[in-house]
Structure formats: C-alpha cells, structure tokens
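The values are calculated or read from the model by the stated rules, or taken from the named source; none is laboratory data. Treat the numbers as computed from the prediction; the structure is a model and nothing was measured. Here the Cβ is made from the backbone with ideal geometry for all residues, glycine too, and neighbour counts use every protein chain on show. Heavy atoms of the whole protein, side chains included, go into the accessibility calculation; ligands, DNA and RNA do not. Shrake-Rupley method; radii C 1.70, N 1.55, O 1.52, S 1.80 Å.
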Amino acid sequence: MGDTTRIADAARLFRSTKDVIQIREVLQRRGLHLHIATGEWSGFDLAADDPQTKLFVAMLAGVLEFQRGMISENTKEGVDAAEAAGKTLGCPAALDGDKAADIVEVYAKGAAVKALARQYDVAPKIIRRVLDAAGARDVGDDLKEPGGVPADAEDQEQAPEQPHAIDVPGLLADHFDGTPDAAVHEALHSGRTIRRGQGHSVRVTAPLALHQATLQQCAALAGDGSTSAGRKAYRTHADRITSVTRTS
C-alpha cells in the first residue's frame, strides 16, 4: 500500500474506457498510485479519486480508444487497397512456381512426400499443399502402410485446443500478480474483472491446459499454512476446472 506503479505509455495499459475504470478500482482498493513515466502527464496520479483526475483520465482513455480505432480502420483500408491492386498479402510462399511444378512432376514419377520435403527443406505438409493444389494427390495416397495408417500421420497438423472461460477467484488472481509464467500472466491480464459484492473474480478464456497450470501454481494456497479464504478460493477454482474437464 502506498507504492507507485509507473508505465512508459498510457496506451500500453488503457485499451478502453472500461479498462480504465476497472484498473483504477483495483489500484484504489489496494492503495496504489499510477504514474506515466515521461511526458506531459508524468505529474498526474492516475489512480487518484478527486473529480479533476476522474475527468482527465476519462478524456485520456477516450482519446486513446479513438486512436486505436483509427489505426484499425486505416489498416483495414490499406489491406483493401493492396488487395485491389493485386498485391499478395501475408507470408511469402515457401516454394515458388517453378519448384512447385517440379515437385508435381517428380511426385507423379513415384517420389514420396517425405523425400520431397527433405529435398526442398520444407515440412511435408507444404509438399502436400502443393500437390493438392495441382490435383496430383489422391486421399488414398496417404495409406501406404498396413492397417490403413497414413505414412505421414506424425506430420499432420493437430487441431488447436479449444479455449474455455473460467472465473478465477480474485484472491487467486492477486496471487499471480508476480508470476514468472508469461502465458498465465497474459491470460489473467486479458481477462475480464467481474464484481461480486465486496469480492471479485477474473474471467479468463484460455485452453484447459493453461487453467490447469494456474491451479498447480497456486497449490500452496491449499496447504495448512494458508488462510481459510485462500483454501476456499483454491477449492472453488479446482471445482470449476474439474467441471469443465468432465464436459470437454
């Protein structure tokens, strides 16, 4: 309590006016101050509760939100203009047209996908995409081994794990403030704070594996040396994760 948090740029912290309100509430509840490190706003305590600061912060948040909206709109217009001009967007192709034609020709003579991948120093899935685009590969071509197992099954892309929204008790969320786990820290920072009476929780949308990681990292709160509130928060979080696990 009484410590000051300094940030280099308000745009790094305030994504919207709603964010400003939530962040200020957390700082005020903990008795903390918030300063921008440099610039014309460096003398302001953005967590102060006086009317002038409230007005200033609301105006600042509105300006930043407007700037982000303009950047997004300009980016979209730039993409549309590039597409209209016939420019190719995104990452460049791993194989140019001549190499792709050679791959199709050699494959038709009996070359294997993995052999071609090694020859051109690319992943097998890229070779498959080239062949599929040219209509040179049948689905049955993958079934080269007994039992109908695709020869390149280990190279096939796995579907990404679906995210789940789970409310992390506020006491646990506070426990992770100094976590060195970047993924957990980012997930909590991006979560939505939900007020419940005097308490709060943070709604985190992330893969189940990350939720399980948070539970492991706060296991100390379940021990006898923890407070009753800490043990209750841990049990609540564990029950929510278990419930999601059973329905997944």
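Of note:
- Under a 5 Å amide H cut-off, with hydrogens placed 1.01 Å from N, VAL168 pairs with VAL202, ARG203, VAL204 among residues at least 5 apart or on other chains.
- Modelled spin-label separation between GLU105 and ILE7, with each label point placed 7 Å from Cα along the Cα-to-Cβ direction: 5.9 nm.
- Full extension of the segment from SER16 to ARG29, taken as 0.36 nm per residue of separation minus the current Cα-Cα distance, would add 2.7 nm.
- Solvent accessible area, Å² - GLU77, 1.4 Å probe, full protein context: 100 Å²
- Counting charges near ASP45 (Lys, Arg +1; Asp, Glu -1) among other residues having Cβ under 13 Å from its Cβ returns a value of 0.
- Charge sum, other residues only, whose C-beta stays under 11 Å from MET1's C-beta, Lys/Arg counted +1 and Asp/Glu -1: +1
- Sites ALA209 and ALA112 - FRET efficiency at Förster radius 30 Å, r taken between beta-carbons, to 0.05: 0.30
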